[in-house]
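Undergrad: Have a look at this one.
The values are calculated or read from the model by the stated rules, or taken from the named source; none is laboratory data. A quick note: this is a predicted structure, and the numbers were derived from the prediction, not measured. The protein model used for the area step is the full one, side chains on, heavy atoms only, and it has no ligands, DNA or RNA in it. Shrake-Rupley method; radii C 1.70, N 1.55, O 1.52, S 1.80 Å.
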Amino acid sequence: MDYKDLVRLAKSAMENAYVPYSKFRVGAALLTTDGLVFSGCNIENASFGGTNCAERTALFKAISEGSRKFSKIAIISDSKDYTYPCGICRQVLSEWGLDMEIIVANSNEEFRVHKLRDILPYAFTNENMEGRYISE
Ligand code: THU
């Protein structure tokens, strides 16, 4: 699965975005280390804080289906600018490793690739808690 394919899958997930409030469609496609893809869209709510971003939709689908090792996530929106994950999504993704590649695309399917560790410097992880909660 190359970057381009993952961007295309993110774009097709974007079609399912539920965005009556922002009208801003986002799609994400998350690749596991064993080659599975989980996609997601943003899902808004009349109580705005209940909104879920596309990245977390894809991630939570994957976790709930038993996957925990990820290599890449592609993110796209209907904007001509590159769509970067929000701070909450960066933090939530970091739980599963800072080496994950983040592919940010624009509506033309042009993309850039970053490591999660580079877009979330000084990340707060379990190690910052001296590993006291997760010890393995
Ligand atoms: N959104 C995402 O789904 N992912 C991002 O990376 C940025 C923001 C959504 C949340 C909300 O539905 C809309 O975009 C506007 O913030």
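Undergrad: Working out 0.36 nm times the residue gap between Arg112 and Thr51, then minus their Cα-Cα distance, what length gain in nm do you get to one decimal?
TA: My answer for the length gained is 19.4 nm.
Undergrad: While we're on this one: How much length is gained if the chain between Thr33 and Tyr18 is pulled fully straight, taking 0.36 nm per residue apart and subtracting their Cα-Cα distance, in nm to one decimal?
TA: In short, 2.5 nm is gained.
Undergrad: Quick check: with the 1.4 Å probe, what order do Glu65, Glu109 take by accessible area, largest first?
TA: Descending order: Glu65, Glu109.
Undergrad: Relative contact order of the stretch 3-129: what whole-number percent is it, with Cα pairs under 8 angstrom and at least 6 residues apart?
TA: Relative CO of the stretch 3-129 lands at 21 percent.
Undergrad: Quick one: Karplus J couplings for the stretch 67-80, per residue in order, coefficients 6.51, -1.76, 1.60, θ = phi - 60°, nearest Hz, x for Gly and Pro?
TA: 8, 9, 10, 10, 9, 8, 9, 9, 10, 9, 9, 8, 8, 6
Undergrad: Where does the chain land on the Kirkwood hydrodynamic radius, alpha-carbon pairs, in angstrom?
TA: One decimal place: 15.0 Å for the Kirkwood radius.
Undergrad: For the stretch 84-94, take each phi angle, set θ = phi - 60°, evaluate the Karplus expression 6.51 cos²θ - 1.76 cosθ + 1.60, and give the result in whole Hz per residue in order, putting x for glycine and proline.
TA: Result, ordered by residue: 9, x, 5, x, 5, 5, 4, 5, 5, 4, 4 Hz.
Undergrad: Still on this model: Keeping every protein chain present and rolling a 1.4 Å probe, give me the accessible area per residue for the stretch 3-129 in Å².
TA: Per-residue accessible area for the stretch 3-129 comes out at 53 Å².
Undergrad: Starting at the first residue of the stretch 109-119, write each ³J(HN,Hα) from the Karplus equation 6.51 cos²θ - 1.76 cosθ + 1.60 with θ = phi - 60°, in whole Hz, x for Gly and Pro.
TA: 3J(HN,Hα) across the stretch 109-119, in whole Hz: 6, 7, 8, 10, 10, 10, 8, 3, 4, 7, 9.
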